[in-house]
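The values are calculated or read from the model by the stated rules, or taken from the named source; none is laboratory data. Computed from a predicted model, the values in this text were never measured in an experiment. Each accessible area value is taken on the protein alone, full model and side chains, heavy atoms only, with ligands, DNA and RNA left out. Shrake-Rupley method; radii C 1.70, N 1.55, O 1.52, S 1.80 Å.
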Amino acid sequence: MADERNRRLYDRIDEKTAELPWYVREYVDKKMRTMSPRSLLNYCHDYLIFFDWLLAEGFFTGKRTEIPLDCLESLTPQSVENFLSYLQFRLHNDKFTINRKLSALKSLFNYLQNVAETPDLKPYLLRNVMAKIAFNKIKEDQETIAQKMAGKILWNDEYEQFRCFVARDYRDVVKDNRKLLHFHSQNAERDTAIVSLILGSGLRLSEVVGLDVSDVDFKKRMVRVIRKGNKEQYVFFSEQASLDLEDYLNVRAKKYHLPSSNKALFVSAPMGPKDTTRRLSPRAVENLVKKYATAFGKPSLSVHKLRHSFATRYQAENNDIPKLRRQLGHSSVQTTMIYTHLSNDELKKAVDHMDDHFDNQEPFPEEKQSD
């Protein structure tokens with residue numbers, strides 16, 4: 001299962017690197033031993049954006065695959081800053097995303113200058129412009145990040161309200177649109193199971209779409225996932241998620257016309273002349289969550305915010321950072337610590353309770369004289 005998933009990712013990496021210059025393919029091949037296939041695939045997408053920008057800006061006339069090394073060597077710091085501005089103002093990437101894409105480029109250029117060698121032992125690049133480019137400064141501390149996140153996640157009764165909205169109440173919003181009604185009737189159990197599973201486990205988007213039916217253990221209420229770094233882990237999910245998953249699996253084969261060979265847990269509606277069904281893509285899951293979130297009146301809600309919602313609720317109810325860290329698959333405990341800042345309601349109640357306590361005492365009680 002994990003091997004099959006990775007094979008599909010590597011196939012996609014091969015497709016993407018075939019559209020990139022030879023030296024990028026060489027770099028990706030060298031990185032396969034030390035990087036996860038999903039991270040490498042993200043790098044490939046970043047490189048496609050960069051090299052397409054080079055062509056659009058006239059740095060080279062020809063095919064993307066033919067862009068030579070001396071084109072990279074001729075770039076100035078201002079040229080790269082212009083590319084970063086393109087990411088920010090034209091593609092609307094935030095500072096975190098821009099830093100990630102810049103990191104991918106820095107890694108590539110470092111390889112071309114300091115690792116790769118020609119037959120006569122010369123580096124591919126003598127000049128590395130990316131070494132002169134600074135990352136965006138992100139000064140926000142965990143408290144600030146947590147407070148910004150607070151308005152974009154689900155709280156208290158909203159967990160069940162949103163789940164019920166996906167399962168049932170969305171129909172009231174689109175009741176006059178026959179096409180949307182039909183689409184919801186077709187996919188209600190599947191969409192509810194997806195939302196319920198994320199809210200009941202905190203799984204990442206990539207982990208949800210990568211699940212096979214055989215990865216779900218209803219007796220132990222666990223799913224087998226491949227986490228960052230290609231690490232296998234079993235993750236618990238809630239009782240409600242278990243019920244919603246069972247409802248979906250009861251209709252999955254019939255509704256989606258599935259052959260027994262299709263092992264994917266979450267699949268798309270039949271499409272095309274042959275009514276083909278396939279594993280739901282990450283983009284498809286993002287879009288369906290966005291659709292429901294907008295109709296629910298909370299458009300900032302996303303798949304990742306559902307994961308944050310789970311983590312915030314877990315920390316508020318259990319106050320156990322080590323277990324939450326394992327559940328979320330964080331490599332650093334500092335990443336998990338952000339949820340302590342999102343769980344300050346209990347502290348506020350404790351402080352308010354202190355006021356009540358003092359209100360019931362006599363003001364300034366006299367102290368006993370010591371002997």
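Report, in degrees rounded to the nearest 10, the 0 to 90 angle that the Cα long axis of helix 37-56 makes with the longest principal axis of the chain.
60
Does anyone have the angle between helix 178-199 and the longest principal axis of the chain? Alpha-carbon axes, 0 to 90°, nearest 10?
Compared with the principal axis, the helix lies near 80 degrees.
For 286, 26, 207, 57, give the ranking by accessible area with the largest first, probe 1.4 Å. Each step should come with its number before you reach the end.
Working: 286 85, 26 45, 207 5, 57 110 Å².
In descending accessible area the options line up as 57, 286, 26, 207.
On a C-alpha basis, how far is the centre of the range 161-224 from the centre of the range 83-102 in Å? Whole number, if you could?
The two parts, judged by their Cα centres, are 31 Å apart.
Mind running the shape call on the chain? Use the C-alpha gyration tensor, a ≥ b ≥ c as the square roots of the eigenvalues: rounded below 1.5 for a/c, prolate if a/b tops b/c, oblate otherwise. Could you put the intermediate results ahead of the total?
On the way: a/c = 2.11, a/b = 1.30, b/c = 1.62.
Note, shape of the chain comes out oblate.
Accessible area per residue of the range 158-292 at 1.4 Å probe, in Å²?
Here the residues of the range 158-292 average 51 Å² of exposed surface.
When the accessible area of the range 36-114 is split by element with a 1.4 Å probe, what percent falls to carbon and sulfur?
Carbon plus sulfur share of accessible area: 47 percent.
Ignoring ligands, DNA and RNA, please state the percent of accessible area on the range 214-274 from carbon and sulfur, probe 1.4 Å. Can you show the working numbers first?
Working: 1930 of 3630 Å².
Carbon and sulfur: 53 percent of the exposed surface of the range 214-274.
Would you calculate, for the chain, the mean residue ellipticity at 222 nm contributed by helices, counting each DSSP H stretch of 4 or more residues as -39,500 (n - 2.57) and dividing by all residues, to the nearest 500? Don't skip to the end; give the middle numbers.
Working: 18 runs with 206 residues, N = 371.
The per-residue figure over the chain is -17000 deg cm²/dmol.
Going by accessible area, probe 1.4 Å, with all protein chains left in place, what is the ranking of 184, 257, largest first?
On the way: 184 5, 257 110 Å².
Most to least solvent-accessible, the answer reads 257, 184.
Rolling a 1.4 angstrom probe over the protein chains, ignoring ligands and nucleic acids, what is the accessible area of residue 335 in square angstrom, nearest 10?
Number for this one is 70 Å².
Suppose all protein chains stay in the model; what accessible area per residue would a 1.4 Å probe give for the range 1-131, in Å²? Kindly include the intermediate steps, with their values, before the conclusion.
On the way: 6980 Å² over 131 residues.
Accessible area per residue, the range 1-131: 53 Å².
Using only protein heavy atoms and a 1.4 Å probe, report how much of residue 174 is accessible, in Å² to the nearest 10.
Rounded to the nearest 10, the figure is 10 Å².
Return one number: the angle in degrees, 0 to 90 and rounded to the nearest 10, between the long axis of the Cα atoms of helix 303-318 and the longest principal axis of the Cα atoms of the chain.
Result, in degrees: 40.
Can you tell me how the range 163-258 classifies by the Cα gyration tensor, rounded, prolate or oblate, using a/c under 1.5 as the rounded cut? Each step should come with its number before you reach the end.
Numbers: a/c = 2.12, a/b = 1.97, b/c = 1.08.
Because a/c hits 1.5 or more and a/b exceeds b/c, the range 163-258 counts as prolate.
Heavy atoms only, 1.4 Å probe, whole protein assembly: order 155, 53, 22 by accessible area, highest first. Kindly include the intermediate steps, with their values, before the conclusion.
Numbers: 155 70, 53 15, 22 120 Å².
The ordering from most to least exposed comes out as 22, 155, 53.
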